[in-house]
Amino acid sequence: MTAVNFDLQKVQKWRKVAMGLGLVAAVGLAALTASVGGETVWHEGIEAVGLAMIVTCIVGRAWCSLYIGGRKKAEIVDRGPYSISRNPLYLFSFIGAFGVGAQTGSVVLAIVFTALTFAVFHFTIRREEAWLSTAFGTDYDAYLARTPRYGPDFGKWRDSETIEVRPRFFVTTLRDGLVFLLAVPIFESLEHLQQSGLIAVLARLP
């Protein structure tokens, strides 16, 4: 069990490094591109939708943490959002990634950010599932069989009348989610630098 735990920790570290490098590359791409037509109604609309998705991500991740916080390695959590999706916290992260990319005003870059996040998290999820299957055996295999990896399958919703909330994990998840909001000033600053001519726009994307 120790070896498996150690391997899972390495996977989590790899995920953070890969995600960091990928985000740097994606922001660099955003700095060299702009949306077609400049700051049109379409551009502003995409940004507004993106902001709504970022807020949804922050609230959703915080909601998930009420159920999973501190329990992932101790028990199989299969109530609330975890009854309709095995990875609702990651699912909300995909929504947030689209919202971050949408702050460029480009649907193409929003999709690029989402695809990057999905690629990194999908690998992590596969390794986590292997660890959980080893740790919990047939009980986890039954959970795999009845609950979609991403979903959500709302027909499978189950909940508990009460849950034990661990504030530290809730606050940590909320703090991590708020980082998504940094996309707003970052991309607004990049747009200002592009408009002032300090950064050259090499391509325009829809």
remark   = Here the range 68-85 yields Karplus 3J(HN,Hα) values (6.51, -1.76, 1.60; θ = phi - 60°; whole Hz; Gly and Pro given as x) of 9, x, x, 10, 4, 9, 9, 7, 8, 8, 9, 10, x, x, 7, 8, 10, 7
Å³ per residue enclosed by the Cα convex hull of the range 143-206 = 191 Å³
key: Length released on extending from W63 to H192, taking residue separation times 0.36 nm less the Cα-Cα span   = 42.9 nm
query = Under a point-charge model restricted to the Cβ atoms of Lys and Arg (+1) and Asp and Glu (-1), what is the dipole moment magnitude of the chain relative to its Cα centre, in debye to the nearest 20?
reply = 640 debye
key: Inter-site label distance for S133 and A115 at 7 Å from Cα along Cβ, in nm   = 2.8 nm
key: Computed lengthening from K73 to W157, 0.36 nm per intervening residue step minus Cα-Cα distance   = 28.0 nm
ask   = How long are the three semi-axes of the equivalent ellipsoid for the range 98-161, computed from the Cα gyration tensor as the root of 5 times each eigenvalue, in whole Å, largest first?
value = 31, 17, 8
query = Length gain on complete extension for the stretch L182 to H122, per 0.36 nm per residue less the alpha carbon to alpha carbon distance?
reply = 19.2 nm
request  = In Å³ and rounded to a whole number, note down the convex hull volume per residue for the Cα atoms of the range 94-135.
outcome  = 47 Å³
ask   = Count of lysine pairs in the chain with Cα atoms under 19 Å apart, counting only pairs 8 or more residues apart in sequence or on different chains?
value = 5
query = Stokes-Einstein at 25 °C, 0.890 mPa s, Kirkwood radius from Cα pairs: D for the range 29-77 in µm² s⁻¹?
reply = 178 µm²/s
query = Amide H of A34: which non-local residues (sequence gap of 5 or more, or other chain) have their own amide H closer than 5 Å, using H built in the peptide plane?
reply = A203, R204, L205
ask   = Given 25 °C and 0.890 mPa s, how large is the Stokes-Einstein diffusion coefficient of the range 47-105 in µm²/s, with Rh as the Kirkwood radius over Cα pairs?
value = 206 µm²/s
query = Quick one, what does Rg over Rh come out to for the range 57-164 if you take C-alpha atoms and the Kirkwood Rh?
reply = 1.01
query = Relative contact order, percent, of the chain when contacts are C-alpha pairs under 8 Å separated by at least 6 residues?
reply = 35 percent
request  = Please work out which option in [x] 1.03; [y] 0.94; [z] 1.15 gives Rg/Rh (Cα atoms, Kirkwood Rh) calculated from these coordinates, and answer with its label.
outcome  = [x]
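Each reported figure results from applying straightforward, stated rules to the coordinates on display, with no laboratory input. All of these numbers come straight from a predicted model, not from anything done at the bench. As a convention, Cβ positions derive from the backbone with ideal geometry for all residues, glycine included, and neighbour counts pool all protein chains shown.
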